[in-house]
Amino acid sequence: MRNPTGPATAISAVTAVLFATGCSGGPGHATPAPASPAPATSAARTYDSVTKAPVFPDGEVVAQAANATGGREMQIKGGVGSGILSVQVNCEGKGRLTVTVEPLGLDFPFGCVDGQVNTIGNEMNMNGGTTRPHTPGTIQVAATTGVHWAITVGHRDVPGRSDS
């Protein structure tokens with residue numbers, strides 16, 4: 001896993017969800033970087049399908065896909081650089097899926113299981129980094145043959161702060 005160097009602090013938003021859903025990604029995957037002074041938090045979410053994109057509970061959806069296979073690159077509407085950037089993914093089918101957030105150089109791979117929807121999510125607190133607000137960014141998804149997936153990428157302000 002590449003580790004972000006300065007522009008963002010990645011915080012795993014679903015460690016408990018990974019264990020609860022039996023995701024084979026387990027410990028060692030989507031490992032968070034050191035916490036920032038104002039870490040991102042996550043609300044409980046319900047995932048059950050790859051035919052619909054995961055629901056983003058608050059903020060603005062900036063990229064989304066459902067019932068997808070193979071690889072795809074999506075522009076992050078409005079770019080990266082301030083607030084919380086949240087990535088939520090569901091996958092089903094035997095294989096692996098990797099999500100990469102550019103230009104941050106952050107990626108998180110995880111295992112997908114046949115007959116079971118696995119869920120992972122990461123949140124990055126973009127405040128305090130060197131990435132300027134509205135810096136163009138992309139989400140890249142790569143999945144092995146036979147894996148179906150859905151993704152939602154959202155952006156929200158840090159409570160009490162707006163850097164836009």
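The values are calculated or read from the model by the stated rules, or taken from the named source; none is laboratory data. Being a predicted model, the structure only gives us computed values, none of them experimental. So basically every Cβ, Gly included, is an ideal-geometry build from the backbone, and we count neighbours across all protein chains shown. Surface accessibility is based on the protein's heavy atoms, side chains included, excluding ligands, DNA and RNA. Shrake-Rupley method; radii C 1.70, N 1.55, O 1.52, S 1.80 Å.
Restricted to strands (runs of 3 or more DSSP E) entirely inside the range 73-164, those with at least 2 residues that are farther than 17 Å from Phe56 by Cβ and polar (S, T, N, Q) are 95-102, 138-143.
Has the range 145-157 got at least one residue that is within 19 Å of Pro54 (Cα to Cα), surrounded by fewer than 20 Cβ atoms within 10 Å (Cβ to Cβ) and of a type outside the set (Asp, Glu)? For the range 145-157, residues within 19 Å of Pro54 (Cα to Cα), surrounded by fewer than 20 Cβ atoms within 10 Å (Cβ to Cβ) and of a type outside the set (Asp, Glu): present.
Count of the range 55-72 residues, restricted to those that are over 15 Å from Val141 (Cα atoms) and assigned to a loop (DSSP other than H, G, I, E, B), is 5. Of the residues making up the range 85-100, those that are among the β-branched types (Val, Ile, Thr) and open to solvent by less than 10 Å² (accessible area, probe 1.4 Å) are Val87, Val89, Val99.
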